[in-house]
Each structure stands twice: as C-alpha cells, then as structure tokens.
Amino acid sequence: QVQLVESGGGLVQAGGSLRLSCAASGSIFSINAMGWYRQAPGKQRDLVAFITSGGKVNYVDSVKGRFTISRDNAKNTVYLQMNYLKPEDTAVYYCYNIQLGVQYWGQGTQVTVSS
C-alpha cells in the first residue's frame, strides 16, 4: 500500500503562484511515476502532469510553460510549481502514484484562482 499526503493548495489571485507537494509513504518501489490530476466542479478528472522516477516529464497543453513538476526521490515527494495561474486552473488537485500497475491517489487539495 502507498499513502499520499498533499499540501500547498489555497486561494490565489489570477497571475499568482502556488506550489503543491505530495509525499508518498508505504511500499514505494524505485521504479514508479508520480503526478497530478485535477477535477473542476462538474467535470471529469484530467491529467495535469506526471514525472517518472527517471525524470521524464509530461504536461497537458494548457499548463505548458506555466507549471513545473519535479520530484525528490530520496523523499518520495513530488512537487507542482504553478505560476501565472488562471481562473480556469481552479480545481481539486489530486496527487497520484503508479507502480507495478497499481495507481494510488491522495485525498486532494483545493486550488482556487480568483479573477
């Protein structure tokens, strides 16, 4: 089992920044991917970004150039630096970890961007 604990959400004005963190604990294997999904009210949960244990990253087009994902493998922690936030970034952000074909989720953290 893997437990994921997120932090760093909040309320920010458009154009501002937030940094999300997600710490994983439990049975962590060296080869895994971590990342972030988000879900706005009334919408499906969509992938935002992910990073593999080898450092390969991928972003959804809407956040490219504004968000940066990184990880500290020694701490089993993934970060999402979000800059130039827009009202349409408002959502609950969920951390995930996938290893050995099993996907684990955090509890979610609210990000609200006011215009």
Report summary line: For Asn58, other-chain or 5+-apart residues with amide H closer than 5 Å (H placed, Pro excluded) are Phe50
Query raised in the report: Given a 1.4 Å probe and every protein chain left where it sits, what share in percent of the accessible area of segment 1-84 is carbon and sulfur?
Result: 50 percent
Query raised in the report: If you plug each phi of segment 11-17 into the Karplus form 6.51 cos²θ - 1.76 cosθ + 1.60 with θ = phi - 60°, what whole-Hz ³J(HN,Hα) values come out, in order, with x for Gly and Pro?
Result: 10, 9, 7, 4, x, x, 10
Query raised in the report: Which residue, Gln13, Gln44, Gln99, tops the fluctuation ranking in a GNM of the chain built on C-alpha contacts under 10 Å?
Result: Gln44
**Report entry** Total charge dipole magnitude, the chain, about the Cα centre, Cβ charges on Lys, Arg, Asp, Glu only, Debye to nearest 20
**Finding:** 100 debye
Report task. Calculate, axis by axis, the spread of Cα positions in segment 1-48 along the three principal axes, and write the results as whole Å, longest axis first. Result -> 38, 22, 15
Query raised in the report: Across the chain, where is the longest run that never hits trypsin sites (Lys or Arg not before Pro) in a DSSP loop with at most 16 other C-beta atoms within 10 Å?
Result: 1-42
Query raised in the report: For the chain, what is the accessible area per residue in Å² when the probe is 1.4 Å?
Result: 52 Å²
Query raised in the report: Once all Cα-Cα distances of segment 54-115 are split into 5 Å bins that start at 0, what whole-number percent is in each one?
Result: 4, 13, 22, 28, 18, 10, 3, 1, 0
Query raised in the report: Just for the chain, what percent of DSSP beta bridges are antiparallel, to the closest 5?
Result: 90 percent
Query raised in the report: Around Thr90, which amide H atoms from residues at least 5 apart in sequence, or from another chain, sit under 5 Å from its own amide H, with H modelled in the peptide plane?
Result: Val113
Report summary line: For the chain, the convex hull over Cα atoms projects on average to an area in nm² of 6.6 nm²
Query raised in the report: Could you give me the ³J(HN,Hα) list for segment 46-62, computed from phi with Karplus coefficients 6.51, -1.76, 1.60 and θ = phi - 60°, whole Hz, x at Gly and Pro?
Result: 10, 5, 9, 6, 9, 9, 8, 5, x, x, 6, 10, 8, 10, 6, 4, 5
Query raised in the report: So which chymotrypsin sites (Phe, Trp or Tyr not before Pro) in segment 1-80 end up in coil per DSSP with only 14 or fewer other C-beta atoms within 10 Å?
Result: Phe29
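The values are calculated or read from the model by the stated rules, or taken from the named source; none is laboratory data. Small disclaimer: the values here were computed from a predicted structure and weren't measured. With ideal geometry, Cβ positions are generated from the backbone for all residues, glycine too; neighbour counts draw on all protein chains shown. Surface areas here come from the heavy atoms of the whole protein model, side chains and all, with no ligands, DNA or RNA. Shrake-Rupley method; radii C 1.70, N 1.55, O 1.52, S 1.80 Å.
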